[in-house]
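Structure record follows, encoded as structure tokens.
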């Protein structure tokens with residue numbers, strides 16, 4: 001697209017992106033490399049090529065004589081204007097092939113993809129893995145701590161009161177159940193599990209999803225829920241059930257976005273009678 005007919009000077013993608021970045025302010029090669037997420041040598045080459053084309057010029061950095069600052073020339077500004085006009089025309093032609101509904105779907109998909117990229121960056125250095133026996137004390141502590149944070153005390157019939165809380169590895173050891181933990185530098189910060197719902201063939205339950213404060217806002221809740229639902233489908237479950245409470249507002253919003261629907265009454269007897277919201281997702 002950048003080499004399309006009508007452009008006075010052909011630009012590589014890196015050159016075009018460099019042109020855009022230095023249009024607003026002078027940048028050093030190091031700054032440009034960081035902006036474009038490329039190595040310093042590639043950034044330096046792009047700057048040199050733009051200077052050779054007469055689109056940019058560099059000067060010694062007054063704050064650091066070992067580096068130089070690059071900015072657009074008048075010709076470079078004209079070239080960038082032409083580039084923007086060319087790309088705008090091209091994308092208008094592309095979008096003209098789509099209905100308004102399809103454009104809306106495309107916009108939503110691109111926004112979702114953009115958020116996924118941002119979350120993936122935030123999730124670096126964290127690990128999602130299956131629970132091990134040695135994780136039992138740490139995940140039990142996470143569940144107790146988060147429950148106390150939201151006022152979900154053991155005496156009120158919440159999951160924190162389960163007698164199996166200190167032995168989750170053993171609870172989820174069966175083939176049709178699983179529990180995952182999220183760790184950072186060896187420390188367990190959260191987790192969630194899938195297990196069959198007693199008395200309901202083909203229905204599993206999303207259980208014990210708790211995250212420490214340091215884990216929140218990084219997209220892990222959605223990622224782990226999707227991983228659990230994929231496991232459930234692969235195990236042949238036809239539906240996934242869960243129980244929650246209104247004070248867990250963020251979790252409730254997530255479940256609704258994932259497609260869980262509210263039920264008028266709970267399924268079976270989970271022992272969590274204080275969880276007033278029952279939801280079901282058909283798999």
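The values are calculated or read from the model by the stated rules, or taken from the named source; none is laboratory data. Remember, it's a predicted structure, so these values are computed and weren't measured experimentally. Cβ coordinates were reconstructed from backbone atoms using ideal geometry, including for glycine residues, and neighbour counts include every protein chain displayed.
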Restricting attention to region 52-85, the residues that are assigned to a helix (DSSP H, G or I), modelled with pLDDT of 90 or more and farther than 17 Å from residue 24 by Cα number exactly 1
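Residue by residue, here is whether (1) in a helix (DSSP H, G or I); (2) in contact with a strand residue (DSSP E or B) (Cβ under 9 Å, 6 or more places away or on another chain) holds:
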residue	(1), (2)
114	yes, no
118	yes, no
128	no, yes
136	yes, no
141	yes, yes
146	yes, yes
151	no, no
170	yes, no
182	no, yes
Restricted to region 22-35 and to residues being within 27 Å of the chain's Cα centre (by Cα) and buried (at least 18 other Cβ atoms within 10 Å of the Cβ), the residue nearest to residue 70 (Cα to Cα) is 32
Picked from region 191-236 (must be part of a loop (DSSP other than H, G, I, E, B) and touching a helix residue (DSSP H, G or I) at 6+ places or on another chain (Cβ under 9 Å)), the residue surrounded by the fewest Cβ atoms within 10 Å (Cβ to Cβ) is 217
State yes or no: is residue 50 in contact with a helix residue (DSSP H, G or I) (Cβ under 9 Å, 6 or more places away or on another chain) and within 30 Å of residue 217 (Cα to Cα)? no
Do we have residue 249 as at pLDDT 95 or above, surrounded by fewer than 19 Cβ atoms within 10 Å (Cβ to Cβ) and within 27 Å of residue 116 (Cα to Cα) here? no
Going by the conditions given, is residue 49 touching a residue at least 60 places away in the same chain (Cβ under 8 Å), in a helix (DSSP H, G or I), over 30 Å from residue 170 (Cβ atoms) and not assigned by TED's automatic domain parsing to the domain that holds residue 186?
no
Apart from one, (1) surrounded by 12 or more Cβ atoms within 10 Å (Cβ to Cβ); (2) under 29 Å from residue 117 (Cβ atoms) all hold for residue 100; the odd one out is (1)
